[in-house]
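Undergrad: Have a look at the structure that comes next, please.
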Amino acid sequence: FGSVLIISYHPPFVQRFLKKKYDVCFLAAYSLDREKSLRPLLSALKKANLNVKILLVDYPYSELEDFKVDREIVSYENYLRLMSESRAVIDLWRLAPGEGYSFRISEALTLNSKIITNRTCILNEPFYDASRMFVFSEGNEINPDAIKHFLISPMKPVDKSIFSLGTN
C-alpha cells in the first residue's frame with residue numbers, strides 16, 4: 001500500500017524556532033485566470049523584496065514577473081514540505097470567485113502557515129483571522145509594505161475547533 005504522511009500542528013511558540021526557507025510560495029497547476037491574478041501579486045512581492053517559491057505545473061515559461069518558476073509535478077509529501085517551509089501560501093480561485101476553497105486553506109492552517117488569497121468570501125468564515133490571512137481584491141493595487149507587515153506580524157494560534165467544523 002502507499003506510505004502514510006502525518007501532518008503535525010506546531011503551536012506558534014514552536015513555529016518561531018522552525019526555520020522558514022521562503023517568505024511566500026505558490027504551488028498549483030497553471031491556468032490563464034490564475035496567471036492574471038498572480039501577476040499583480042508577484043509584482044508587489046517583488047517590490048517588497050521577498051523570497052518567493054513558485055511551482056506552477058504546465059506553465060510554458062521558466063520565469064514569471066522575474067521569479068523563477070519550477071514546472072514539474074512533485075509528490076504530495078514534497079508539496080507539503082514546500083508549504084511548511086514558507087511563511088505564507090498563495091491560494092487563488094481558478095474558475096470563479098465563489099467556487100469553494102482549495103485544500104491549500106486547510107493545509108496552511110494545519111501547517112501553521114499564513115495565507116494570501118483573492119477569495120474575498122473567506123472574510124465571512126468562522127476560521128478567518130487577519131493575522132493569518134491576507135485578502136486582496138482583483139483590480140485593486142496590492143501594497144508591498146502591507147504584505148511585508150503581514151508576513152512579519154505574529155499570528156494568533158489556530159483554534160483547533162475549526163478542524164471539526166461541519167463534522168457533527
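The values are calculated or read from the model by the stated rules, or taken from the named source; none is laboratory data. From a predicted model like this one, the values you see are computed outputs, not experimental measurements. Counting neighbours? That spans all protein chains shown, and the Cβs are built from the backbone with ideal geometry, glycine included. Protein only, heavy atoms only, side chains kept; ligands, DNA and RNA dropped before computing areas. Shrake-Rupley method; radii C 1.70, N 1.55, O 1.52, S 1.80 Å.
Undergrad: Examine segment 74-81 for a residue that is part of a helix (DSSP H, G or I), basic (Lys, Arg), open to solvent by less than 30 Å² (accessible area, probe 1.4 Å) and at pLDDT 85 or above, and state whether such a residue exists.
TA: Narrowing segment 74-81 to residues part of a helix (DSSP H, G or I): 76-81.
Next, from what is left, pick out any that are basic (Lys, Arg): 81.
Next, from what is left, pick out any that are open to solvent by less than 30 Å² (accessible area, probe 1.4 Å): none.
No, segment 74-81 contains no residue that is part of a helix (DSSP H, G or I), basic (Lys, Arg), open to solvent by less than 30 Å² (accessible area, probe 1.4 Å) and at pLDDT 85 or above.
Undergrad: Against the conditions (1) modelled with pLDDT under 90; (2) small (Gly, Ala, Ser); (3) under 17 Å from Met155 (Cβ atoms), where does Gly100 fall short? Just the number, please.
TA: Only one criterion in (1) modelled with pLDDT under 90; (2) small (Gly, Ala, Ser); (3) under 17 Å from Met155 (Cβ atoms) is unmet by Gly100, namely (3).
Undergrad: A follow-up question, please. So which residues in segment 47-57 are open to solvent by 60 Å² or more (accessible area, probe 1.4 Å) and over 14 Å from Phe26 (Cα atoms), if there are any at all? Reasoning before the result, please.
TA: Taking segment 47-57 first, the residues open to solvent by 60 Å² or more (accessible area, probe 1.4 Å) are 47, 49, 51.
Correct list: Lys47, Asn49.
Undergrad: Give me the pairs, please: first residue somewhere in segment 82-105 and within 18 Å of Glu125 (Cα to Cα), second residue anywhere and modelled with pLDDT under 75, beta-carbon distance under 7 Å, and either six or more positions apart or on two chains.
TA: Taking only residues 6 or more apart or on different chains, the pairs are Trp93/Glu99.
Undergrad: Okay, moving on. Would you say Ile142 is within 17 Å of the chain's Cα centre (by Cα), surrounded by fewer than 12 Cβ atoms within 10 Å (Cβ to Cβ) and within 21 Å of Ala48 (Cβ to Cβ)?
TA: Details: within 17 Å of the chain's Cα centre (by Cα): yes; surrounded by fewer than 12 Cβ atoms within 10 Å (Cβ to Cβ): no; within 21 Å of Ala48 (Cβ to Cβ): yes.
Taking the combined requirement at face value, the residue does not satisfy it.
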